[in-house]
Amino acid sequence: MEMTLRWYGTGYDSVTLKQIRQIPGVSGVITTLYDTLPGEIWTPERIAAMKQEVEASGLRVSGIESVNVHDAIKAGTAERDEMIDHYIQTLKNLGEADIHMVCYNFMPVFDWTRTELARQRADGSTVLAYTQKAVDALNPEKMFASIGADTNGFILPGWEPERMARIQELFELYRSIDEEQLFENLRIFLEAIMPVCDRYNINMAIHPDDPAWSVFGLPRIIINESNIQRMMNMVDNPHNGVTFCSGSYGTNLENDLPHMIRSLKGRIHFAHVRNLKFNSPDDFEESAHLSSDGSFDMYEIMKALYDIDFDGPIRPDHGRMIWDEKAMPGYGLYDRALGATYLNGLWEAIVKSEAKHRCD
Ligand code: DNO
């Protein structure tokens, strides 16, 4: 595996490439052109400039998170074919720039959903949290307004103000789309892009829906093992794979994370690894990465990735806000650096103990 950190780009991220370069064991970033809109073609010039900036710092671009999918593709409207053509052109330009992993999601209207961006924990750190009660009590606009106050001045991915301003229109767009239709729209998209992925060896890594269930009555499909298998079988190509995100699949306690990882051998192209602390099945908060601070066994998650010979990029995921850092919620430097170091430590221990067992 290759340890990486997500980086939003100069002007959008409080964390610098120099700081990332100094985290031991991190060799690449997962980045994006944060100011491009879904449907916009990423030009070769902008991709080259992004690569150059990253490489000048001694890191590499290990993949893209995300090339966002236009709503016309997800909802299957009249503009779909044109938007798919644009996506294909972007993939071609990325492939020509020697970039081979693209993370995306197929969630209608919202990307990830949390009800608090700064829940205080006993140690004084603040974390992203979710409580079903709050979702049940609020409409999406109210939730966006209450969350907007806690962003530390950063634009959150998937919660861009211009998108939220169109929230009614977006809900209207998906009104007649159920899970079956969303699966079908995903199939059409994947079939159309596989030829360019084959040609440029691009691994598509769909991100799970977070949380892994329907919110505000919207259909959500990338939520559990059987749905992922369905997604992979319907377009059976090794380039059609997943981002294994422990914090997203883990929102549903019925998802057995190590088991899911083993069942996805060969199709996990990217891993987001983080822990959650459940206070009840309906209320969780994002803890430190350490097993003992949350509800997941992080050793078992890393061991499962090792057992399937996972060799793609991995990144620590949302971190706590600690040491008075001011950053995009979930994306500060300090706790993610601790997370990367911890995951690297688990990995080294697994590699060495497995090698030792083989010799004994
Ligand atoms: C949240 C992220 C998601 C993810 C997208 C991928 O912090 O994990 O926003 O990047 O769903 O398209």
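Would you check if Glu325 is more than 22 Å from Pro211 (Cβ to Cβ) and in contact with a Leu (Cβ under 8 Å, 6 or more places away or on another chain)? Taking the combined requirement at face value, the residue satisfies it.
Of all the numbered requirements in (1) surrounded by fewer than 22 Cβ atoms within 10 Å (Cβ to Cβ); (2) within 18 Å of the chain's Cα centre (by Cα), Val29 misses one, and that requirement is (1). Filtered by the rule that a residue be free of Cβ contacts under 8 Å to residues at least 60 places away in the same chain, more than 19 Å from Asp35 (Cα to Cα) and not hydrophobic (A, V, I, L, M, F, W, C), the range 149-168 gives a lone residue, Gln168.
If you check Thr43 against the conditions, is it of a type in the set (Ser, Thr, Tyr) and surrounded by 15 or more Cβ atoms within 10 Å (Cβ to Cβ)? So Thr43 does not fit the description; no.
Among the residues of the range 133-160, which ones are β-branched (Val, Ile, Thr) and either farther than 29 Å from Gly9 by Cβ or in a helix (DSSP H, G or I) (or both)? Those that are β-branched (Val, Ile, Thr) and either farther than 29 Å from Gly9 by Cβ or in a helix (DSSP H, G or I) (or both): Val135, Ile147. Of all the residues in the range 3-14, those that are more than 25 Å from Phe310 (Cβ to Cβ) and not aromatic (Phe, Trp, Tyr) number 5. Scan the range 300-311 and tell me whether some residue there is in a loop (DSSP other than H, G, I, E, B), crowded, with 19+ Cβ neighbours inside 10 Å and within 16 Å of the ligand (Cβ to nearest atom). There is no residue in the range 300-311 that is in a loop (DSSP other than H, G, I, E, B), crowded, with 19+ Cβ neighbours inside 10 Å and within 16 Å of the ligand (Cβ to nearest atom). With respect to the conditions (1) among the aliphatic types (A, V, I, L, M); (2) within 16 Å of the ligand (Cβ to nearest atom); (3) touching a residue at least 60 places away in the same chain (Cβ under 8 Å), Val135 lacks only one, and its number is (2). Quick one: Asp150 ticks every box in (1) touching a strand residue (DSSP E or B) at 6+ places or on another chain (Cβ under 6 Å); (2) buried (at least 17 other Cβ atoms within 10 Å of the Cβ) bar one, so which box is it? (2) is the only condition that Asp150 fails. Among the residues in the range 98-120, are any in contact with a helix residue (DSSP H, G or I) (Cβ under 9 Å, 6 or more places away or on another chain), more than 16 Å from the ligand (Cβ to nearest atom) and assigned to a loop (DSSP other than H, G, I, E, B)? Yes, the conditions are met somewhere in the range 98-120.
Residue-wise test of (1) among the hydrophobic types (A, V, I, L, M, F, W, C); (2) closer than 24 Å to Asp178 by Cα; (3) within 16 Å of the ligand (Cβ to nearest atom); (4) part of a helix (DSSP H, G or I).
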position	(1), (2), (3), (4)
Thr36	no, no, yes, no
Ala48	yes, no, no, yes
Lys51	no, no, no, yes
Lys74	no, yes, yes, yes
Thr77	no, yes, no, no
Asp81	no, yes, no, yes
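Residues of the range 221-237 include at least one that is in contact (Cβ under 8 Å) with a residue 12 or more places away in the chain, more than 19 Å from Asp317 (Cβ to Cβ) and among the charged types (D, E, K, R).
Here Trp213 fulfils each of the conditions (1) out of contact with any Lys or Arg (no Cβ under 8 Å at 6 or more places or on another chain); (2) within 29 Å of Ala134 (Cβ to Cβ) apart from (1). For first residues located in the range 79-105 and without any contact (Cβ under 8 Å) to a residue 60 or more places away in the chain and over 23 Å from Asp311 (Cα atoms), partners that are assigned to a helix (DSSP H, G or I) and within 16 Å of the ligand (Cβ to nearest atom) and lie 6+ apart or on another chain with Cβ distances below 7 Å form the pairs Met83/Ile73. Among the residues of the range 144-156, those that are within 16 Å of the ligand (Cβ to nearest atom) and not hydroxyl-bearing (Ser, Thr, Tyr) comprise Phe144, Ile147, Asp150, Asn152, Phe154, Ile155, Leu156. Look at Phe216 and say whether it is away from the ligand (no atom under 15 Å from the Cβ), on the phi > 0 side of the Ramachandran plot, assigned to a loop (DSSP other than H, G, I, E, B) and not basic (Lys, Arg). For Phe216, the condition - away from the ligand (no atom under 15 Å from the Cβ), on the phi > 0 side of the Ramachandran plot, assigned to a loop (DSSP other than H, G, I, E, B) and not basic (Lys, Arg) - is met.
Residues being modelled with pLDDT of 95 or more, closer than 22 Å to Met1 by Cβ and crowded, with 20+ Cβ neighbours inside 10 Å are represented in the range 189-197 by at least one member. Considering (1) part of a helix (DSSP H, G or I); (2) exposed (fewer than 14 other Cβ atoms within 10 Å of the Cβ), the lone condition that Lys326 does not fulfil carries the number (1).
Reported count of residues in the range 116-125, each being under 22 Å from the mean Cα position of the chain (by Cα) and either surrounded by fewer than 22 Cβ atoms within 10 Å (Cβ to Cβ) or on the phi > 0 side of the Ramachandran plot (or both), is 3. Exactly one residue out of Ala349, Ala327 is small (Gly, Ala, Ser) and away from the ligand (no atom under 16 Å from the Cβ): that is Ala349.
The values are calculated or read from the model by the stated rules, or taken from the named source; none is laboratory data. This structure is a prediction, so every number in the text was calculated from the model and none was measured. Ideal geometry is used to build each Cβ from the backbone, glycine not excepted, and the neighbour counts take in all protein chains shown.
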